[in-house]
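In what follows, a single structure is set out as structure tokens and then discussed.
Any read-out appearing in this document is the output of simple, stated calculations on the displayed coordinates, not a laboratory observation. Just so you know, these numbers come straight off a predicted model, no measurement behind them. Methodologically, a virtual Cβ is constructed for each residue, glycine included, from the backbone with ideal geometry; neighbour enumeration extends over all protein chains shown.
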Amino acid sequence: MNKLQKIVDKAYETEQLSREEIILLLKDDSINEYLYAKAHQKKQELLCNEIHLRALIEISNICLQNCLYCGLRRDNSLQERYKLSKDEILFLASTAKQYGYKTIVLQGGESNTYPINDLCEVIQKIKKDDIAITLSIGEKTYEEYKLLKEAGADRFLLRIETTDCTLYEQMDPGMSHENRKRCLRDLKALGYETGSGSLVGLPGQTIESIADDILFFKEIDADMLGIGPFIAHQDTPLKDVPNGNLFLSLKVMAIIRLLMPDINIPATTAMEALHPNGRMLALTSGANVLMPNFTDEIHRKMYEIYPGKAQVAENNSLHIEQINKKIKEYGLVVSKTAGYRWNRS
Ligand code: 5AD
Ligand code: SF4
């Protein structure tokens, strides 16, 4: 057995790797298939063959931030903006419930376009039907996160994007890496299941810094981690930067599965935007969550963080029976539970 296989086996058995070991794995593609297979094996052993579904509703594409990579950045004046009304959100949520979904994700750009009270009202109404709610609406104050939690939100997604502070502040002008970490701490302290994640392939990002991202996720004990390749958007300052590498993104995800076996890891849409079978590759390399898009067609097309995103959504069924049929070919099945983080204690 070669040296890299031994490193993968060590991760599989001990859930620990040094920074140097992670770097070796990330730098050498001869290990990819073995790593993907071991990550899948780990996921199957601990979390069985179950996949959790989350219904994604993109509530608004209005954003006050200006991240260089994102099509929703405030300086992209070519992007028409929208905000769903409370009733529109509740309608989409009730459709998802009727379909049998057990988690609803409310995602939006970072803005104050919805007063906190409105968000709380929507959360309370959705929660009447005993459903898990995930929010993904960016940086807020501790008090705001607290109000949203008290209204019934269960989980929150906030990607760190990169743990390289200098790169982060270059890519996200005006934002503070320190404040982002504060948000993640606050969310954990408030009892949210806390999700984070990163982009793979940002310009100037090194393999070493990706290794640091993985170690950071373990250190903060994230409950969910979304990893996606960077995809260049034509109306952003990064339009000429090459796309991130799908196979490197899958490796990052697979290493995370080995180091954090019980967490929830989505097969991200960005993976599928780069490869027609990207999400199935992810679901057989350590991922265990799918997030079908429930946003109506008109608004979904306007939520263009990167090109190809709406097209992926269109090609994916919302019907649980059809999803079940597709994943059955891979020996997988849709879970009947709400899919909180698996508890080993
Ligand atoms: N390519 C891939 N992912 C992107 N995101 C933003 N812009 C892009 C892009 N160009 C991701 C960020 C953000 C999430 C909502 O979308 O990681 O946290
Ligand atoms: Fe706004 Fe998020 Fe896009 Fe940054 S990544 S511009 S915060 S929607």
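Quick rundown of the values:
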{"read-out": "Filter result (among the aliphatic types (A, V, I, L, M) and either under 19 Å from the mean Cα position of the chain (by Cα) or away from ligand 1 (no atom under 16 Å from the Cβ) (or both)) within the range 69-94", "value": "Leu72, Leu84, Ile89, Leu90, Leu92, Ala93"}
{"read-out": "Residues of the range 100-132 satisfying the condition of being surrounded by fewer than 23 Cβ atoms within 10 Å (Cβ to Cβ), within 16 Å of ligand 2 (Cβ to nearest atom) and within 17 Å of the chain's Cα centre (by Cα)", "value": "Gln107, Glu110"}
{"read-out": "Residue in the range 82-94 that is farther than 26 Å from Lys128 by Cα, within 16 Å of ligand 2 (Cβ to nearest atom) and outside any helix (DSSP H, G or I) present", "value": "yes"}
{"read-out": "Matching option when the condition is acidic (Asp, Glu) and within 16 Å of ligand 2 (Cβ to nearest atom), among Glu50, Glu13, Glu58, Glu33", "value": "Glu58"}
{"read-out": "Identity of the residue in the range 296-325, of a type in the set (Lys, Arg) and under 29 Å from Ala222 (Cα atoms), that ends up surrounded by the most Cβ atoms within 10 Å (Cβ to Cβ)", "value": "Lys309"}
{"read-out": "Sole residue being free of Cβ contacts under 8 Å to residues at least 12 places away in the same chain, under 22 Å from Thr268 (Cβ atoms) and of a type in the set (Asp, Glu), chosen from Glu58, Glu20, Glu33", "value": "Glu33"}
{"read-out": "Where a residue in the range 96-111 is farther than 30 Å from Arg74 by Cβ and its partner, wherever it lies, is part of a helix (DSSP H, G or I), with Cβ under 7 Å and at least six apart", "value": "Tyr99/Ile320; Gly100/Ile320"}
{"read-out": "Residues within the range 27-55 that are within 25 Å of Leu290 (Cβ to Cβ) and either part of a helix (DSSP H, G or I) or of a type in the set (Lys, Arg) (or both), tallied", "value": "17"}
